[in-house]
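Note sheet for the following structure.
The values are calculated or read from the model by the stated rules, or taken from the named source; none is laboratory data. What you are looking at is a predicted structure, and each value in this text was computed from that prediction instead of being measured. Don't worry about glycine lacking a Cβ; one is built from the backbone with ideal geometry, like all the others, and counts go over all protein chains shown. All accessible areas refer to the heavy atoms of the entire protein, side chains included, with ligands and DNA or RNA removed. Shrake-Rupley method; radii C 1.70, N 1.55, O 1.52, S 1.80 Å.
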Amino acid sequence: MSSNNNRQLGQAPWFHVIISTGFGSGFFPGAPGTFAGGIALLIWYGLYLLLSSYVLVLTTIFLIVATTLIGVWTSNVMEKYWGEDPRAVVIDEYVGTWIPLLVAPSGEHSIWVAIIGFALFRLIDIFKPLGCRWIDQNIKGGWGVMLDDVLAGFYALLLLLAGKSLFL
């Protein structure tokens, strides 16, 4: 799925525009995916400040599952208006960012672990190794939009776990 073939923004339903673009973060010029992932990191950080580690992990799992399902639905709708895997649709970046953050809440280095998890996810999402590119190119519709980022987030989680066990 190429994100360079987007149609004119057109008359998409505003509800789906707001949700699929991560409340407008997908319209950020230059690097909308990184910007959206940064917002997802800030949302997680706000929750980190408010919740216990256990509740934060449960909340993050809920956000990942709910946002993935909503993302599949809204991405399917948006592809009808904006074409295949539209660049402005960044709800998948939120999910991919949150997955490695599941291992961040415990310990004195939580914030650094979260930032490294975000950076790992973005690098993996950009280069699309080990099945991420295959999913991006071969699974169509909302599932294709979401699943390559879910896999990239999972790879970032594994790397973060390995890094934590070696260095922290």
task: Find all pairs meeting these conditions: Cβ atoms under 9 angstrom apart; at least six residues apart or on different chains; first residue within region 48-63 and touching a residue at least 60 places away in the same chain (Cβ under 8 Å); second residue among the aliphatic types (A, V, I, L, M).
output: Y48/L56; Y48/L101; Y48/A104; Y48/I111; Y48/A114
statement: When every residue in region 107-127 that is in a loop (DSSP other than H, G, I, E, B) and closer than 16 Å to A162 by Cβ is compared, the one modelled with the highest pLDDT is H109
task: Scan region 31-44 and give yes if some residue there is more than 15 Å from the chain's Cα centre (by Cα) and either more than 18 Å from V150 (Cβ to Cβ) or not in a helix (DSSP H, G or I) (or both), otherwise no.
output: no
Residue in region 119-131 that is small (G, A, S) and touching a residue at least 12 places away in the same chain (Cβ under 8 Å) present: yes
- prompt: If you take the residues in region 37-89 that are of a type in the set (G, A, S) and within 23 Å of I124 (Cβ to Cβ), which one is surrounded by the fewest Cβ atoms within 10 Å (Cβ to Cβ)?
  reply: A66
field: Checking I115 against (1) open to solvent by 20 Å² or more (accessible area, probe 1.4 Å); (2) without any contact (Cβ under 8 Å) to a residue 60 or more places away in the chain, the condition it does not meet
entry: (2)
message: Would you confirm, using the coordinates I've provided, whether L130 is aliphatic (A, V, I, L, M), assigned to a helix (DSSP H, G or I) and either at pLDDT 95 or above or surrounded by fewer than 21 Cβ atoms within 10 Å (Cβ to Cβ) (or both)?
response: no
